[in-house]
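The values are calculated or read from the model by the stated rules, or taken from the named source; none is laboratory data. None of the values given here were measured: they were computed from a predicted structure. Because the Cβ atoms are built from the backbone with ideal geometry, glycine has one as well, and the counts that use them run over all protein chains shown. These accessible areas exclude ligands, DNA and RNA; they are computed on the full protein's heavy atoms, side chains included. Shrake-Rupley method; radii C 1.70, N 1.55, O 1.52, S 1.80 Å.
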Amino acid sequence: MLSLYEFEALTRAHSGLLGSQRKLADDACISLGSANKAIKSLRDAGYLSSSNEVTAAGEVTLDAYRVNSVVILAAGMGTRIAPLSFEKPKALLTVQGEVLIERQIRQIREAGISRITVVTGYMRESLFYLKDEFGVDLVFAPDYAERNNHASLLRASDSLGNSFIVSGDQYFRENPFRSFMYESSCVAVQTESDTRERILETDKNGYVTASHFGGGAGLCAVGPVYLEASDSQKLVSIIREEYDLPETKNKFWEQFLLERITEFPLKAQVLPEGAIWEFDSYEDLCSFDADFFLNVDSRIVDNICRVVGCERSAITGVSPIKEGISNLSFLFTVDGEGFVYRHPGSGTNEVVNREAESYSLEVAKELGLDHTFLYEDTVEGWKISRYIPGCRSFDYGDSEQVRVALGLARSLHQSGKTSPWSYEPFEESEGLVALLKEAGYPLPENFSTLSADIRKLSYLSSLEDGKKVLCHNDFYGPNLLVHDGGMELIDWEYSAMSDYACDIGNFVAQGSGYSVDEAVSILPLYFEREPTALEVRHCMAYVAIIGYYWYVWAMYKESQGDPTGPWLEVWYQAAKQFGDYALGLYGEPIGLLAQEDLTRERFDELVEKQRRGEASLEEMALLEPYRARRAVLLASGFGSRMLPITINTPKPLVRVRGRRIIETIIESLLAIGVTDIVVVRGYLADEFDVLLKKYPMIRFVTNHQFDSTNNISSALAVLRDDPLAFQNAYVVESDLLLTNPDVLSRYQWRSNYLGVPVAETPDWCFEVEDGKICDLHKGGTHCFHMFGISYWNGCDGKKIAQDIEEAFQLPANRQRFWDDVPCVISAEHYEIDLRECTFEDVTEIDSFAELCSADPSYDVSSYSDC
């Protein structure tokens, strides 16, 4: 093994920088005698020639000191430099004209080190280019959001040997990397001011003996750490051994090293203050690079300037806001006025309807419920609000605050304001459960029992008269800003038409800490009277349903690598505790134990009582077998008669007076509580994805035979996907414009089609006897014009699944409409009612000329030349 002085002489000779003994003594800060002795020793060992050139033996000796690799840790989120870290990893910030990590890579290459491994995590896709442009290796740390950077280092363990380990967000004025290193060491910067960073203590020879956080002048541990291969292996073994300990989760990788410093001889390489910059805040960046904020490429900064109407230089006081688990937010000031910028968190745009949120924000502003709202971008999901200083945390134990808060909810519910969007918490939770199962997420052992209980509560509460009103749907303490001027209800991400009890449920389930008795005791503050027993039962059921929704939502967030902390258990307990209580209040309704076939007269009587809100729970249960539960929308065809508009747009997506044709159907279905909606697509299938933003509950089935068969193949495609699809279901041709949404009602007595009585028609029509359809054909007299809107009860829907499969096996039937199966081919299997309507209820648009008639904006001939 070489002595330190021999190492200094041999590495300088290798680089052609040795020169004379005097130069070595000056460069290495050693005595001339020590320099002479080192060079003589190297010559005697055969490592240096008489002309001070490195021999082959010297090269072999130096290889033991050669740096094999550099591991750059770049997985973290860099939350302290919000908002810039919302758009890119911290390592990709451009400082004084250079991207931080690119500058590091260039310095590493200049030192002659070829192997570089970059550990990625947050927004890892933005770092992919480094592999192509710089030839680095990329390693992904999937647990970057849940654990500190020891997990990142462990992911790169295969790259560790004689290695530098460095954070990708640091700026080195001078190159700290070397081709050869004598021993394990760390860079330390001499600081003369107070610091919150780790301070190193060293012995007289410069070896680290201890460390502590914060204090005055000292050696600040920043910059690269170099570990010999044996130390690298030892460190990795220690991290692996302690990985599953609870206290390990939040540890920096350096802590494993410094806590065992006696096992890791570590030499401190001291640099002057200012040699290394580590950027922990927006202010750090601006103090190092005065023009940083003026030059930074940031759409967020541009958004602020455009909405607030200011120059970049006017934006000050930027600081992240840590509260909130679904979004990223920060505070900033312009000309003395505070604002909050909300950046959508990971996965939220998949579960949040931003159009619905923006709509409700405008309503809240109009009603005086939220004075903070300034602007929201409905496509990207970011929002800017005014900041109200001096706000206090909402206190669930303060009866006056509770009274005011519930008064805000009551004002919203009684405002008469409506929204095009609806929100069903149990249906939403079922969608999230499906995503979790699809991703293979391990659901808890008792989950199926809890889910069954909540499903039952959802069903029972749906039978009651829970009036659908505009709700906040995230109505709880952190979204209530208490200030001297009153109270603001903020964050309307989930707002839509819902049962009024959704807001009561959120208020209690989301961290109120209320027992059942305490939750019941606040209800008079909402109703402004003593609630009835049925209202108490209904509200407590919704506490459980809402607790369950957020519990499932939390698991979804965790599956996305976004931990929710203690909230997961808070929501679980709300679902379990209040679920057990509410189920006890319901007992076993008579109507659930025995059903009866209703006569038409009895059916109509119960539907009318339900409409007036006078039906009992048992009567609602009697109606339940007649309730529409799902819908199939057939939308796979070409729409050739609508050319040229359908060249690039499927016919159901064509707008008529501002609304897509298919939206008139979807919104009518949602209004009657049908959220299980399947759209069968074919022609320009991907274009239908646009619907998911506004209607996330719909799902798609693709008919791959749409261009070679008639729409019988669309019915077959959906039934093969889900054999229950036609049971208690509406089946609707998606190119019909519903001008009267009431043609789709919550309850249907029997299977039926819509039709209009006509004296004569060249179109498809029904022959009817005693109210029953007996034939379907094209063209006829004294018949009923057919509309492609039908309803199928459970029994008939089951038969259709079998009959369509059988009919499709005959090639001749593949060019037939699916309606031919129940109305003609297998007519003996069905009794189908004719449900009368008028041409004012439904509009058929079969040609471009009819489109121009329905919406004159398409008629270019009506525009005069300019």
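Out of all the residues in region 485-509, which are buried (at least 24 other Cβ atoms within 10 Å of the Cβ) and of a type in the set (S, T, Y)? The answer is Y494, S495, S498. Given the residues V520, V536, V543, which is the only one that is free of Cβ contacts under 8 Å to residues at least 24 places away in the same chain, in a helix (DSSP H, G or I) and surrounded by 15 or more Cβ atoms within 10 Å (Cβ to Cβ)? Checking each option against the conditions leaves just V520. It is to be established whether one or more residues within region 789-812 are outside any helix (DSSP H, G or I), open to solvent by 70 Å² or more (accessible area, probe 1.4 Å), in contact with a Ser or Thr (Cβ under 7 Å, 6 or more places away or on another chain) and at pLDDT 95 or above. No, the conditions are met nowhere in region 789-812. The condition (being surrounded by 14 or more Cβ atoms within 10 Å (Cβ to Cβ) and either among the aromatic types (F, W, Y) or over 24 Å from V67 (Cα atoms) (or both)) is satisfied by just one residue among S193, S211, S232: S211.
Please tell me if D597 is open to solvent by 60 Å² or more (accessible area, probe 1.4 Å) and either assigned to a helix (DSSP H, G or I) or under 30 Å from S714 (Cβ atoms) (or both).
The answer is no for D597.
Residue by residue, here is whether (1) touching a strand residue (DSSP E or B) at 6+ places or on another chain (Cβ under 6 Å); (2) modelled with pLDDT of 95 or more; (3) more than 22 Å from V680 (Cα to Cα) holds:
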| position | (1), (2), (3) |
| --- | --- |
| A715 | no, yes, no |
| V718 | yes, yes, no |
| V731 | yes, yes, no |
| L754 | yes, yes, no |
| P757 | yes, yes, yes |
| I773 | yes, yes, yes |
| G780 | yes, yes, yes |
| C783 | yes, yes, yes |
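Here the condition is being free of Cβ contacts under 8 Å to residues at least 24 places away in the same chain, assigned to a strand (DSSP E or B) and among the β-branched types (V, I, T); of V768, V731, V701, it holds for V701 alone. Inclusion of L93 among residues that are of a type in the set (A, V, I, L, M), under 38 Å from the mean Cα position of the chain (by Cα), closer than 30 Å to F332 by Cα and open to solvent by 10 Å² or more (accessible area, probe 1.4 Å) is not warranted. Checking E241, E278 one by one, the residue that is surrounded by 14 or more Cβ atoms within 10 Å (Cβ to Cβ), among the acidic types (D, E) and closer than 27 Å to S69 by Cβ is E278 and no other.
Looking only at residues in region 65-75 that are under 14 Å from I165 (Cβ atoms) and not hydroxyl-bearing (S, T, Y), the one that is most open to solvent (accessible area, probe 1.4 Å) is N68.
Anything in region 750-765 that is of a type outside the set (A, V, I, L, M, F, W, C), part of a strand (DSSP E or B) and open to solvent by 10 Å² or more (accessible area, probe 1.4 Å)? List them, or say none.
Hits for region 750-765 are P757, E760, T761, P762, D763.
When restricted to residues that are more than 29 Å from V469 (Cα to Cα) and open to solvent by 40 Å² or more (accessible area, probe 1.4 Å), region 647-664 contains 3. Considering (1) part of a loop (DSSP other than H, G, I, E, B); (2) in contact (Cβ under 8 Å) with a residue 40 or more places away in the chain; (3) under 24 Å from V842 (Cβ atoms), the lone condition that P652 does not fulfil carries the number (1). Applying a threshold of 9 Å to beta carbon distances and a minimum spacing of six or more residues, or different chains, the list of pairs starting in region 576-588 at a residue that is under 11 Å from L457 (Cβ atoms) and among the acidic types (D, E) and ending at one that is at pLDDT 95 or above and open to solvent by less than 70 Å² (accessible area, probe 1.4 Å) reads D580/A544. I need the full set of residues from region 699-711 which are open to solvent by 30 Å² or more (accessible area, probe 1.4 Å) and among the β-branched types (V, I, T), in order please. Within region 699-711, just T702 meets the criteria. Applying the criterion of being at pLDDT 70 or above and of a type in the set (G, A, S) to the residues of region 290-334, the residue that is most open to solvent (accessible area, probe 1.4 Å) is S313. With respect to Y551, determine if the residue is closer than 13 Å to V570 by Cβ, surrounded by 23 or more Cβ atoms within 10 Å (Cβ to Cβ) and within 29 Å of the chain's Cα centre (by Cα). Here the answer is yes, as Y551 does meet what is asked.
On the stretch given as region 665-698, residues that are over 22 Å from the mean Cα position of the chain (by Cα), buried (at least 21 other Cβ atoms within 10 Å of the Cβ) and part of a helix (DSSP H, G or I) total 4.
Of the residues V543, V520, only one is over 29 Å from L328 (Cα atoms), hydrophobic (A, V, I, L, M, F, W, C) and modelled with pLDDT of 95 or more; which? Going through V543, V520 in turn, the sole match is V520. A single member of R641, R612 is out of contact with any Leu (no Cβ under 6 Å at 6 or more places or on another chain), under 24 Å from L669 (Cα atoms) and either surrounded by 14 or more Cβ atoms within 10 Å (Cβ to Cβ) or without any contact (Cβ under 8 Å) to a residue 60 or more places away in the chain (or both), and it is R612.
Considering only region 472-484, I want to know if a residue exists there that is within 30 Å of W382 (Cα to Cα), open to solvent by less than 30 Å² (accessible area, probe 1.4 Å) and free of Cβ contacts under 8 Å to residues at least 24 places away in the same chain. Looking through region 472-484, at least one residue is within 30 Å of W382 (Cα to Cα), open to solvent by less than 30 Å² (accessible area, probe 1.4 Å) and free of Cβ contacts under 8 Å to residues at least 24 places away in the same chain.
Among residues of region 852-863 that are within 12 Å of R655 (Cα to Cα), those with a Cβ under 6 angstrom from a residue that is surrounded by fewer than 10 Cβ atoms within 10 Å (Cβ to Cβ) and at pLDDT 85 or above, sequence gap 6+ or separate chain, pair up as D855/R657.
The residues listed here are S826, S847; of these, the one that is hydroxyl-bearing (S, T, Y), over 23 Å from P757 (Cβ atoms) and open to solvent by 20 Å² or more (accessible area, probe 1.4 Å) is S847. Of the residues making up region 244-264, just one is in contact with a strand residue (DSSP E or B) (Cβ under 8 Å, 6 or more places away or on another chain) and open to solvent by 40 Å² or more (accessible area, probe 1.4 Å), namely E254. Has region 24-35 got any residue that is closer than 18 Å to D63 by Cα and hydroxyl-bearing (S, T, Y)? Within region 24-35 (the criterion being closer than 18 Å to D63 by Cα and hydroxyl-bearing (S, T, Y)), the answer is no, since none of the residues qualifies. Among residues of region 389-414 that are over 22 Å from P531 (Cβ atoms) and touching a residue at least 60 places away in the same chain (Cβ under 8 Å), those with a Cβ under 7 angstrom from a residue that is loosely packed, with under 12 Cβ neighbours inside 10 Å and acidic (D, E), sequence gap 6+ or separate chain, pair up as G390/D484.
Here are some residues: L568, L583. Which one is open to solvent by less than 60 Å² (accessible area, probe 1.4 Å), assigned to a helix (DSSP H, G or I) and touching a Lys or Arg at 6+ places or on another chain (Cβ under 8 Å)?
Numbers: L568 fails: touching a Lys or Arg at 6+ places or on another chain (Cβ under 8 Å).
Every option except L583 fails the conditions.
Within region 266-289, being at pLDDT 90 or above and part of a loop (DSSP other than H, G, I, E, B) holds for one residue alone: L266.
Could you tell me whether region 172-189 includes any residue that is over 29 Å from T11 (Cβ atoms) and hydrophobic (A, V, I, L, M, F, W, C)? No.
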